[in-house]
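For reference, the structure is listed below as structure tokens.
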Amino acid sequence: MSSDALDPQTPITLISSEGDEFVVAYKLLCASNVLKRLFSCKRSRDFEEQRTRVVTLRDISSAALRKIIEYCEYKHTYEHSSTAPPRFEIKGEEALELLMAGEFLDI
């Protein structure tokens, strides 16, 4: 691990398209390959998000971002479990928006 690596507990603030802020531990956001790569980049001064620990997601609604964070928590909890995890519920009306947001964040 390089000295530039973030502590897993480092709080990262995600801002939805409506301006709602969600503070999430870095370790949970590693479910997103996009966010993981952003914050694990060795050249940490290249992006404002790396300095401020704030990421504005202009195309992701608060409802979708809340569900994505729930999924990140779910994945972190059950990823290395030896038992079958409970089903992660997604309502039909959420599916398309979550699919697009998940694709963008590479989850």
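Each label was represented as a point 7 Å from its Cα along the Cα-to-Cβ direction; for residue 76 and residue 89 these points are 2.3 nm apart.
So what is the relative contact order of the chain, in percent, for Cα pairs below 8 Å that sit 6 or more residues apart?
Answer for the chain is 31 percent.
In this structure, the amide hydrogen of residue 55, modeled 1.01 Å from its nitrogen in the peptide plane, lies closer than 5 angstrom to those of 13, 14, 15, counting only residues at least 5 positions away or on a different chain. Extension gain, residue 17-residue 41: 0.36 nm per intervening residue step, less the Cα-Cα distance, totals 6.1 nm.
Spin-label pair residue 58-residue 27: with each label point 7 Å from Cα along the Cα-Cβ axis, the two points sit 3.4 nm from one another.
In the context of the full set of protein chains, residues of the chain present 68 Å² of accessible surface per residue (probe radius 1.4 Å, heavy atoms only).
What a 1.4 Å probe finds exposed on the chain is 50% carbon and sulfur by accessible area, rounded to a whole percent.
Quickly estimate the mean residue ellipticity at 222 nm for the chain, helices only: each DSSP H run with n ≥ 4 gives -39500 (n - 2.57), and the total goes over all residues, rounded to 500.
Rounded to the nearest 500, it is -13000 deg cm²/dmol.
Among 61, 82, 16, the largest mean-square fluctuation in a Gaussian network model of the chain (Cα springs under 10 Å) belongs to 82. Grab the beta carbon distance between residue 51 and residue 99, set R0 = 30 Å, and tell me the FRET efficiency rounded to 0.05. For residue 51 and residue 99, the calculated efficiency is 0.45.
The values are calculated or read from the model by the stated rules, or taken from the named source; none is laboratory data. This one's a predicted model, so the numbers in the text were calculated from it and none came from an experiment. Because the Cβ atoms are built from the backbone with ideal geometry, glycine has one as well, and the counts that use them run over all protein chains shown. Keep in mind that these areas ignore ligands, DNA and RNA; they rest on the heavy atoms of the full protein, side chains included. Shrake-Rupley method; radii C 1.70, N 1.55, O 1.52, S 1.80 Å.
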